[in-house]
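Undergrad: Structure in structure tokens, see below.
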Amino acid sequence: MTELWELDAMGQAELVGRKEATALELVDAAIARIESQNPRLNCLATPMFDEARAVASKKLPPGPLSGAPYMIKDLGQPCAGVRQTDGSKALAGYIADHDGGLVTRLRNAGLVIVGRATAPEFGNHSTSEAEVFGATHNPWHLDRTAGGSSGGSAAAVAARMVPAASASDGAGSIRIPASCCGLFGLKPTRGRISFGPDAGEVLSGLAVEHAVTRSGDLLEVGGEAFPPLAGSFLGQHFGVADDVIERAAQVVQKPRRDVRSGDCGHRLGFRMRCHAHSTGSSDGASNASILASRRGSSIGFVS
């Protein structure tokens, strides 16, 4: 009989859809696997077991991945109420007060987050050996690296702790761990998945986020499970925190709705290739988003 943890994300979710297993059973199987494998691999930065069980016990949003366990890389993308170290001792006690945009999308897709996976300090290495946690090991060969900076995610997936986990890439951080651990590394088009609401472009648009997975399942449903955070638009779009809009408007000393492309790019002291768009939400101007594009050379805002 096939163990639950042997299935990929869609395979596990399909069991839930057919009522052959519950999301809680999937989560319990993932937790048991983590507890048995993590001592030798050291890929779990922060467990979220109680929260995961609570979420899995309730009705989940429908979708092709609903009910499948998942891990979040411990670099960026905060989870409300959960420690986020970014691989640094300096942040060892930091507790996020909100969910990041990608985390929100994952939850809305019905994925159940069971923990945060290790990463090197601030993602600045191609191995995962943060001093705050120690070295993460490759499940296939314990004296070899799992790669980096998404090494914890890759080790967890390769060891069948979870069928997929989040990963980010600015200089190989999805591709290297996927290669080291024999996984699919899903590196999306620039801007396909937003870093918002905490950031816009990262590394001038070079950095991207998605996942490492045992199969191409997240690629097949990627458009359904991971639409652009800032809205359903074609092209390279990024979400940026509202306070950036407020500061920009103050710098040019104009009401926000009057700030237009070309007014403030150089005055702000940085360059961000942007066009603006209102989300059309009930909060109106307070929820306006900056959408970055490859085209354009200035910054603009509208409400």
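Undergrad: Which condition number in (1) part of a loop (DSSP other than H, G, I, E, B); (2) crowded, with 19+ Cβ neighbours inside 10 Å; (3) at pLDDT below 85 is the one that Pro227 fails?
TA: Every listed condition holds for Pro227 apart from (2).
Undergrad: Could I ask something else about it? Restricting attention to segment 206-217, which residues are at pLDDT below 85 and of a type in the set (D, E, K, R)?
TA: Asp217 - this is the single residue of segment 206-217 that is at pLDDT below 85 and of a type in the set (D, E, K, R).
Condition check ((1) over 19 Å from Gly11 (Cα atoms); (2) in contact with a Pro (Cβ under 7 Å, 6 or more places away or on another chain)) across all residues:
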residue	(1), (2)
Met161	no, no
Ser166	no, no
Asp169	yes, no
Gly172	yes, no
Ala178	yes, no
Lys187	yes, no
Ser194	yes, yes
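Undergrad: Considering every residue within segment 163-183, establish whether at least one is within 21 Å of Glu3 (Cα to Cα), in contact (Cβ under 8 Å) with a residue 24 or more places away in the chain and surrounded by fewer than 24 Cβ atoms within 10 Å (Cβ to Cβ).
TA: Yes - at least one qualifying residue is present in segment 163-183.
Undergrad: Does any residue in segment 34-58 that is closer than 16 Å to Arg116 by Cβ come within less than 6 Å, Cβ to Cβ, of a residue that is in a helix (DSSP H, G or I) and of a type in the set (Gly, Ala, Ser) six or more places away or on a different chain, and which pairs are these?
TA: These pairs meet every condition: Leu41/Ala155; Cys43/Gly152; Cys43/Ala155; Cys43/Ala156.
Undergrad: Among (1) over 18 Å from Pro64 (Cβ atoms); (2) in contact (Cβ under 8 Å) with a residue 12 or more places away in the chain, which single condition is Ser204 missing?
TA: The number of the failed condition is (2).
Undergrad: Quick check, is Gln250 at pLDDT 55 or above, of a type outside the set (Ser, Thr, Tyr), more than 13 Å from the chain's Cα centre (by Cα) and outside the structural domain of Gly115 (by TED's automatic domain parsing)? Lay out the reasoning, then the answer.
TA: Values: at pLDDT 55 or above: yes; of a type outside the set (Ser, Thr, Tyr): yes; more than 13 Å from the chain's Cα centre (by Cα): yes; outside the structural domain of Gly115 (by TED's automatic domain parsing): yes.
So Gln250 passes the test.
Undergrad: Is it the case that some residue within segment 51-66 is surrounded by fewer than 18 Cβ atoms within 10 Å (Cβ to Cβ), at positive phi and assigned by TED's automatic domain parsing to the domain that holds Trp140?
TA: Looking for residues that are surrounded by fewer than 18 Cβ atoms within 10 Å (Cβ to Cβ), at positive phi and assigned by TED's automatic domain parsing to the domain that holds Trp140, one finds at least one in segment 51-66, hence yes.
Undergrad: Considering each of Arg160, Arg107 in turn, give the residue that is of a type in the set (D, E, K, R), on the phi > 0 side of the Ramachandran plot and out of contact with any Asp or Glu (no Cβ under 6 Å at 6 or more places or on another chain). Steps first, please.
TA: Working: Arg107 fails: on the phi > 0 side of the Ramachandran plot.
From the options Arg160, Arg107, the qualifying one is Arg160.
Undergrad: When you check Arg190 against the structure, is it under 22 Å from Gly101 (Cα atoms) and basic (Lys, Arg), yes or no?
TA: Numbers: under 22 Å from Gly101 (Cα atoms): yes; basic (Lys, Arg): yes.
Yes.
Undergrad: What do you reckon, is Leu91 buried (at least 21 other Cβ atoms within 10 Å of the Cβ) and out of contact with any Leu (no Cβ under 9 Å at 6 or more places or on another chain)? Give the steps one after another, and end with the answer.
TA: On the way: buried (at least 21 other Cβ atoms within 10 Å of the Cβ): no; out of contact with any Leu (no Cβ under 9 Å at 6 or more places or on another chain): yes.
Criteria not met by Leu91.
Undergrad: For segment 206-217, which residues satisfy the criterion of being over 12 Å from the mean Cα position of the chain (by Cα) and outside any loop (DSSP other than H, G, I, E, B)?
TA: Across segment 206-217, the qualifying residues are Thr213, Asp217.
Undergrad: Something else: Before we move on, is Ala119 closer than 23 Å to Ala96 by Cβ, buried (at least 24 other Cβ atoms within 10 Å of the Cβ) and touching a residue at least 24 places away in the same chain (Cβ under 8 Å)? Can you show your working first?
TA: Values: closer than 23 Å to Ala96 by Cβ: yes; buried (at least 24 other Cβ atoms within 10 Å of the Cβ): yes; touching a residue at least 24 places away in the same chain (Cβ under 8 Å): yes.
So Ala119 passes the test.
Undergrad: Which ones in segment 128-143 are over 13 Å from Asn42 (Cα atoms) and touching a helix residue (DSSP H, G or I) at 6+ places or on another chain (Cβ under 9 Å)? Give the derivation first.
TA: If we filter segment 128-143 for residues that are over 13 Å from Asn42 (Cα atoms), which is where we start, we get 140-141.
Hit for segment 128-143 is Trp140, nothing else.
Undergrad: Spot the failing condition for Thr85; the list is (1) more than 16 Å from Ser194 (Cα to Cα); (2) out of contact with any Lys or Arg (no Cβ under 9 Å at 6 or more places or on another chain), and only one is missed.
TA: (2)
The values are calculated or read from the model by the stated rules, or taken from the named source; none is laboratory data. Since we're looking at a predicted model, the values are computed, not measured. Positions of Cβ are backbone-derived with ideal geometry, glycine not excepted, and every protein chain shown enters the neighbour counts.
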